[in-house]
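Data first, discussion second: the structure below is written as structure tokens.
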Amino acid sequence: MSFNTFGRMFRVTTWGESHGPALGATVDGCPPGVAIDESMIQHWLDRRKPGQNRYTTQRREADEVRILSGVFEGQTTGTPVQLMIENTDQRSKDYGDIAEKFRPGHADITYWQKYGIRDYRGGGRSSARETAARVAAGGLAREAIRVLAPGVTITGYMVAMGEHDIDRARFDWDQIEQNPFWCPDAQAAADWATYLDGLRKSGSSVGAVIEVVARGVPTGLGAPVYGKLDTDLAAAMMSINAVKGVEIGDGMAAARLTGEANADEITMGDDGQPRYSSNHAGGILGGISTGQDVVVRFAVKPTSSILTPRRTITKAGEDTEIVTKGRHDPCVGIRAVPVGEAMMACVILDHLLMHRGQVGENRGRIGQAF
């Protein structure tokens, strides 16, 4: 099974299965001299790990990362960094009843049809457990960004759970870390808690919409035509397990605007730099960053593993029903927030390195005579 690697200069290869002995990432292309240790990566993994509250799967994984190579005396050496996370709380017996059945909404049937082999123990590579490796790689990417572009900050949060949206008028950055949903709206978070409790107790699940914002991104990242920053961001977010849609800036809503409404008008600021009246474009024009906030939004479908009986077929082609037991997230979108942040970090770093390699620094000057 190929295609386990993403990135051009900052290249991440993830490996391992949900119920195997370990999983992890091999990161190639990280610049030398980046200060890093396991605790710095662990901080980000702790935000994603399961079993932290009643709204996520109760699988108990410490998600402790080990750095096996590429770091010497607390700094990256420029050689591949190997990150490993052991699995310690697998319960493969939970999946014994579905070994011959395909779970609706899951990758079971397509993996079987394509490869003729399927790891039914939690889905193998198709499990959201794979995303722990991405978060570890994202932790390394953040530290490298801190060296190359120290003004960049990356923050993810949930803006919708099912049909319940946040109120943008109540948006508060400080609220994001104060509730289990990474929600910037305190009232919405309280409402979602009641709503999700009901779904969890019924054995059902629900989807969510996650927004990730990178602030302080320098102008000039990305390249036409096939190396666009938004192209790579869309691919990165879409590659996350259970993601079914990605938007940049206003996204689909831009199709409902007029040209006048959609235009992010430009003026000169007092500091001699361009200023934009709005950010419908999500910080990217022509595939190149504008210096505004880079805004990406993605939709996460409901967890496929639910207790409600669903019709399906067996590998033998027989009609049957299936109930998926075990420990599953009633809203997998909650733990997708740190994953989205990690993918943003990896893509931003990749483009910082490509930009540095191609042009060094931006060549065009505004307000100067030529």
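The values are calculated or read from the model by the stated rules, or taken from the named source; none is laboratory data. Note that the structure is predicted; figures quoted are calculated from it, not measured. Here the Cβ positions follow ideal geometry from the backbone for every residue, glycine too, while neighbour counts run over all protein chains shown. Areas reflect the complete protein model, heavy atoms only, side chains present, ligands, DNA and RNA absent. Shrake-Rupley method; radii C 1.70, N 1.55, O 1.52, S 1.80 Å.
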Report task. For the chain, find the longest principal axis of its Cα atoms and tell me its angle to the long axis of helix 229-238, 0 to 90°, nearest 10. Result -> 10 degrees
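When the Cα atoms of the chain are enclosed in a convex hull and the volume is divided per residue, what value in Å³ results? List each step's numbers first, then the result.
Working: hull volume 58.7 nm³, N = 370.
In the chain, the Cα hull volume divided by residue count equals 159 Å³.
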Report task. Give me the angle, in degrees from 0 to 90, between the Cα long axis of helix 186-202 and the longest principal axis of the Cα atoms of the chain, rounded to the nearest 10. Result -> 20 degrees
Report task. For LYS244, list the aspartates and glutamates whose Cα falls under 15 Å from its own Cα; do not include residues on the same chain fewer than 8 positions away. Result -> GLU211
**Report entry** Selection from ILE334, VAL347, ILE306 lying farthest towards where the dipole of the range 306-350 points positive, charges on Cβ
**Finding:** ILE306
Query raised in the report: Roughly to the nearest percent, how much of the accessible area of the chain is carbon and sulfur, given a 1.4 Å probe?
Result: 51 percent
Query - Candidates TYR120, TYR111, TYR157: whichever shows maximal mean-square fluctuation once the chain is modelled as a Gaussian network with Cα springs under 10 Å - result: TYR111
Query raised in the report: So between SER69 and TYR115, what do we pick up on full extension, going 0.36 nm a residue minus the alpha carbon distance?
Result: 13.3 nm
Query raised in the report: Can you work out the FRET efficiency for the pair SER202 and ILE313, with r the C-beta to C-beta distance and R0 = 30 Å, to the nearest 0.05?
Result: 0.75
Query raised in the report: Taking springs between alpha-carbon atoms closer than 10 angstrom, which of THR308, THR153, THR290 fluctuates most in the Gaussian network model of the chain?
Result: THR308
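What number comes out for accessible area per residue over the range 225-266 if the probe is 1.4 Å? Units Å², please. List each step's numbers first, then the result.
Numbers: 2490 Å² over 42 residues.
That works out to 59 Å² per residue.
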Query raised in the report: Once Lys and Arg get +1 and Asp and Glu get -1 on their Cβ, which of TRP173, THR88, TYR120 lies farthest toward the positive end of the dipole of the chain?
Result: TYR120
Query raised in the report: Which residue, chosen from PRO184, VAL12, GLY364, occupies the Cα position most advanced towards the positive end of the dipole of the chain, where the dipole is computed from +1 (Lys, Arg) and -1 (Asp, Glu) charges on Cβ about the Cα centre?
Result: VAL12
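Once you order the gyration tensor axes a ≥ b ≥ c over the Cα atoms, which shape class does the range 151-304 get: rounded for a/c under 1.5, otherwise prolate or oblate by comparing a/b with b/c? Present the calculation step by step, with values, prior to reporting the outcome.
On the way: a/c = 2.16, a/b = 1.70, b/c = 1.27.
Prolate shape, in that a/c is at least 1.5 and a/b is the bigger ratio.
Could you compute the FRET efficiency for GLN273 and HIS164, with r as their C-beta to C-beta distance and R0 at 35 Å, rounded to 0.05?
Working: r = 39 Å, r/R0 = 1.11.
Between GLN273 and HIS164 the formula returns 0.35.
Express in nm, to one decimal, how much length is gained between ALA62 and THR153 on full extension, taking 0.36 nm for each residue of separation and deducting their alpha carbon distance.
Here the segment from ALA62 to THR153 would lengthen by 30.1 nm.
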Query raised in the report: What pairs in LYS114/LYS201; LYS201/LYS301; LYS228/LYS301 have C-alpha atoms more than 29 Å from each other?
Result: LYS114/LYS201
**Report entry** Cα-centre dipole for the range 317-363 with unit charges at Cβ (Lys and Arg positive, Asp and Glu negative), debye to 20
**Finding:** 360 debye
**Report entry** Charge dipole magnitude, Cβ of K and R +1, D and E -1 - the range 215-274, Cα centre, debye nearest 20
**Finding:** 380 debye
Report summary line: Each label sits 7 Å from Cα toward the beta-carbon; between THR5 and TYR226 the label points are separated, in nm, by 1.7 nm
**Report entry** Helix-derived mean residue ellipticity, 222 nm - over the chain, DSSP H n ≥ 4, -39500 (n - 2.57), to 500
**Finding:** -8000 deg cm²/dmol
Report summary line: Between ALA186 and ALA255, the two model label points (7 Å from Cα along the beta-carbon direction) sit apart by a distance in nm of 3.8 nm
Report task. Any chance you could run the full-extension gain for GLU361 through HIS43? It's 0.36 nm times the residue separation minus the Cα-Cα distance, nm to one decimal. Result -> 111.3 nm
Query raised in the report: Which value, in debye to the nearest 20, gives the size of the charge dipole of the chain about its Cα centre, when Lys and Arg are +1 and Asp and Glu are -1 at the Cβ?
Result: 1020 debye
Requested in this report: Using a Gaussian network model of the chain whose springs link C-alpha atoms within less than 10 Å, name the residue from GLY269, GLY207, GLY333 with the highest mean-square fluctuation.
Outcome: GLY269
Query raised in the report: Under 5 Å between amide H atoms, partner at least 5 residues away or on a different chain: which partners does ILE284 have, H built in plane at 1.01 Å?
Result: THR290
Report task. Would you calculate the separation in nanometres between label points at GLN368 and MET238, each defined as 7 Å from the Cα along the Cα-to-beta-carbon direction? Result -> 3.8 nm
